[in-house]
Amino acid sequence: VPMGVLSCVKYLMFVFNVLVFAGGTCLAGVGVWVAVDPAGFQDIVAAKAVLSAGAYLLLAVGIALALLGFLGCCGALRRSRPLLLL
């Protein structure tokens, strides 16, 4: 396999993992916002039955995605197979 192809795959994996990290950070931010100020979020969304459970679910999924994105970025830059498989 030519070296240029491997370099391109490395940077594509890095960019994809940065996007996953950014998405996880945004989800965690929305989860914190809903958990801290549910009244401000209820103005935007009318449903309030599962608002508190949804806030903690968003927070947990966001933190998990941010962690996986960060580890993926580290794995792509270092070409570490265990980090990429995680």
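The values are calculated or read from the model by the stated rules, or taken from the named source; none is laboratory data. Nothing here was measured: the structure is a model prediction, and the numbers come from that model. Don't worry about glycine lacking a Cβ; one is built from the backbone with ideal geometry, like all the others, and counts go over all protein chains shown. All accessible areas refer to the heavy atoms of the entire protein, side chains included, with ligands and DNA or RNA removed. Shrake-Rupley method; radii C 1.70, N 1.55, O 1.52, S 1.80 Å.
Could you check the stretch 30-83 and list, in sequence order, the residues that are open to solvent by 60 Å² or more (accessible area, probe 1.4 Å), modelled with pLDDT of 90 or more and within 30 Å of Met3 (Cβ to Cβ)? Answer for the stretch 30-83, where residues must be open to solvent by 60 Å² or more (accessible area, probe 1.4 Å), modelled with pLDDT of 90 or more and within 30 Å of Met3 (Cβ to Cβ): Leu68, Phe70. Scanning the stretch 1-40 for residues that are of a type outside the set (A, V, I, L, M, F, W, C) and within 17 Å of Ala64 (Cβ to Cβ) returns Asn17, Gly23, Gly24, Thr25, Gly29, Gly31.
Can you name the residue in the stretch 1-29 that is modelled with pLDDT under 90 and aliphatic (A, V, I, L, M) and is also nearest to the chain's Cα centre (by Cα) among such residues? Across the stretch 1-29, the extreme among qualifying residues is Met13. Within the stretch 22-40, residues that are within 15 Å of Ala53 (Cα to Cα) sit with their Cβ atoms under 8 Å from residues that are among the aromatic types (Phe, Trp, Tyr) and open to solvent by less than 60 Å² (accessible area, probe 1.4 Å), at 6+ positions apart or across chains, in these pairs: Trp33/Phe41; Val34/Phe41.
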